[in-house]
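The values are calculated or read from the model by the stated rules, or taken from the named source; none is laboratory data. Predicted, not measured: the structure shown is a model, and the values here were computed from it. Reconstructed Cβ throughout: ideal geometry from the backbone, glycine too, with neighbour counts over all protein chains shown. SASA here: full protein model, heavy atoms, side chains in, ligands and nucleic acids out. Shrake-Rupley method; radii C 1.70, N 1.55, O 1.52, S 1.80 Å.
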Amino acid sequence: MSQLPVPLGTFPTPVEPAPRLAAALGLGPDDLWIKRDDLTGLGGGGNKIRKLEWTLGAALAEDADTLVTTGAPQSNHARLTAAAGARLGRDVVLVLRGSPGVSRSGNLALDGLFGARLVWAGDVDRAGLDAAAAEVCAALRTAGARPALIPFGGSSVLGARGYVRCGEELREQVPGLRTAVVALGSGGTMAGLVAALGSGSVLGVDVGALADPAAAVVEFAGAHTGEEVTADRLRVRRDQVGSGYAALTGPVAEALRVAARTEGIVLDPTYTGRALAGLAAAVRDGGVRPGERTVFVHTGGLPGLFGHADAVAFAEEGAVGHGG
């Protein structure tokens, strides 16, 4: 039987200075650092590994032989669940919103390479996706398997423990940290950071994955801290969602460009691109100020860039006319 957590990643991840990106955003050269949680190791890296160490540890402790989880077609959590299942010798079933054939690149290509089985749930909301996953688990049990349902995005009270540890790393790595900026999707990443660093030290940039992500942060963070966590105390920006979770907005496209051209750092168009766009907006409106030490938490997601047609087209435009 496994003990919690099951080791999957390479920690602590490094923190790197980003003086050229800082200057482009209007910050001082020593103000901005990047927490490289894109370098967690397994399956292309990313923040979900910290959560999976805990949620999969629980699954193994219950002797599960099949891991089931849900997500969008280009889900980073689904990709890393597939990679973790391969490493742990467990079957993986990914229940994804939408229909097959829309894309065969990015995270979907890696899902297949890692050996996951895909089940397409159609055009459903979150409740419909959960219902489809429950049906898959029931069918697996009927067939004699022992499935474990891993929560959407890996986010739960248990999964948030991974980002409590990340916050503890940041406290040691960046003395005097004022603000950690992070993408806010299913809530677990921000919740763990809030539990470790305090509500006032974390700025979450909503990506549009949930109707009310702040409620998820409150639920998950409250279980890990003596501080009362309430929605009104959280620092959340909701101005970068645009027309939806899958859309590439102008500010996000500019964030992808500026990170790549100032620091050689690649962001994804759904999570980290929105987070950097939110940081840029926060500098402009005074929510993040020069002279304060700020950390941008790079939660990974690079493979998803290659499954996003608009983002790929935008990136390719930068190379037009520069060939030999």
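Points 7 angstrom from Cα along the Cβ direction at Q173 and A260: gap in nanometres?
According to this spin-label approximation, the distance is 2.4 nm.
On a C-alpha basis, how far is the centre of the range 182-226 from the centre of the range 235-279 in Å? Whole number, if you could?
That distance is 18 Å.
Below 8 Å between Cα atoms, with a sequence gap of 6+, how large is the relative contact order for the chain in percent?
Rounded, it is 20 percent for the chain.
Starting from the Cα of A247, step 7 Å along the direction of its Cβ; do the same at A131; then give the gap between the two resulting points in nm.
2.7 nm
Return the loop-located GluC sites (Glu not before Pro) in the range 201-259 (DSSP other than H, G, I, E, B) with at most 11 other Cβ atoms within 10 Å of their own Cβ; answer none if there are none.
Filter output for the range 201-259: E228.
So what are the three principal axis dimensions of the chain from its Cα atoms, in whole Å, longest to shortest?
Over the chain, Cα extents along the principal axes are 60, 56, 32 Å.
In a Gaussian network model over the chain where Cα atoms closer than 10 Å are linked, find which of G41, G286, G304 has the largest mean-square fluctuation.
Per the Cα network of the chain with a 10 Å cutoff, G286 tops the list.
Please report the relative contact order for the range 91-184, taking Cα pairs under 8 Å with a sequence separation of at least 6, and give it as a percent rounded to a whole number.
23 percent
Tell me, what is the per residue accessible area of the chain in Å², probe radius 1.4 Å?
Solvent-accessible surface per residue comes out at 40 Å².
Return the distance in nm (one decimal) between the two label points of a simple spin-label model at T230 and R104, each offset 7 Å from Cα along Cα→Cβ.
Each label point is offset 7 Å from its Cα along the Cβ direction, giving 5.4 nm.
Extension gain A309-D65, at 0.36 nm per residue separation less the Cα-Cα distance, in nm?
84.3 nm
Please report the carbon-and-sulfur percent of the accessible area for the chain; probe 1.4 Å, protein heavy atoms only, DNA, RNA and ligands left out.
So the carbon and sulfur contribution to the accessible surface is 53 percent.
What residues of the range 257-284 lie in the reach of a label at R20, counting those whose backbone N is under 17 Å from a point 7 Å from the Cα along Cα→Cβ?
Output list for this probe position: 257-267.
Only residues of the range 62-105 count here: report those whose backbone N is under 11 Å from the spot 7 Å along Cα→Cβ of D123, or say none.
98-99
Measuring from the lowest to the highest alpha carbon on each principal axis, how far does the range 1-146 reach, largest first, in angstroms?
Per principal axis, max minus min of the Cα coordinates gives 60, 38, 27 Å.
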